[in-house]
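Written below as structure tokens is the structure these notes are about.
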Amino acid sequence: MEMDALLNMVFAAVISGLGWWIKSQHDEIKRVTILLNRTREELGRDYVSKTDSNQVLMQIMSKFDKLEE
């Protein structure tokens, strides 16, 4: 009977450790997801889109063309 109790304690410890590890991994994935979403928002705010960049470049080129004339 003592061997059964010892095995039950070992299994309980292993399952508890596994549950703690899974919870910590889940929390870390949630944290990384939040950071990724923040990064996406900041990139959109700080950088210019390709179409906006092309429009500004065309305006600059037209100004240079006027200066050359």
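The slack in the chain from ALA12 to MET58, taken as 0.36 nm per residue of separation less the alpha-carbon distance, amounts to 9.7 nm. Using a Cα-Cα cut-off of under 29 Å, which lysines could be cross-linked to LYS63, ignoring same-chain neighbours fewer than 8 residues away? The reachable lysines, counting only those whose Cα sits under 29 Å from LYS63, are LYS50. Here is the list for the stretch 8-54: chymotrypsin sites (Phe, Trp or Tyr not before Pro) lying in DSSP coil, each with at most 15 other C-beta atoms within 10 angstrom of its C-beta, are TYR47. Which lysines, if any, have their Cα less than 21 Å from the Cα of LYS23, not counting same-chain residues under 8 positions apart? Partners within reach: none.
Carbon-plus-sulfur accessible fraction, the chain (probe radius 1.4 Å, protein heavy atoms only): 64%.
Heavy atoms of the protein chains alone define the surface here; on that basis the chain has 100 Å² accessible area per residue at 1.4 Å probe size.
Only one of the listed values, [x] 1.03; [y] 0.98; [z] 1.68, was derived from the coordinates as Rg/Rh (Cα atoms, Kirkwood Rh); which label is it? Among [x] 1.03; [y] 0.98; [z] 1.68, the one derived from this structure is [z]. Here is how the number arises for the chain: DSSP H runs of 4 or more residues each give -39500 (n - 2.57), the sum is divided by the residue count, and the result at 222 nm is -33500 deg cm²/dmol.
If you take every residue apart from VAL10 with its C-beta less than 13 Å away from the C-beta of VAL10, what net charge results, scoring Lys and Arg +1 and Asp and Glu -1? Spelling it out: positives minus negatives among the neighbours equals -2. Against the chain, whose longest principal axis is taken from its Cα atoms, helix 2-46 shows a tilt of about 10°.
The values are calculated or read from the model by the stated rules, or taken from the named source; none is laboratory data. Quick caveat: nothing in here was measured; it's all calculated off a predicted structure. No Cβ is skipped: glycine too gets one built from the backbone with ideal geometry, and neighbour counts run over all protein chains shown. To get the accessible areas, we keep the full protein, side chains included, count just its heavy atoms, and leave off ligands, DNA and RNA. Shrake-Rupley method; radii C 1.70, N 1.55, O 1.52, S 1.80 Å.
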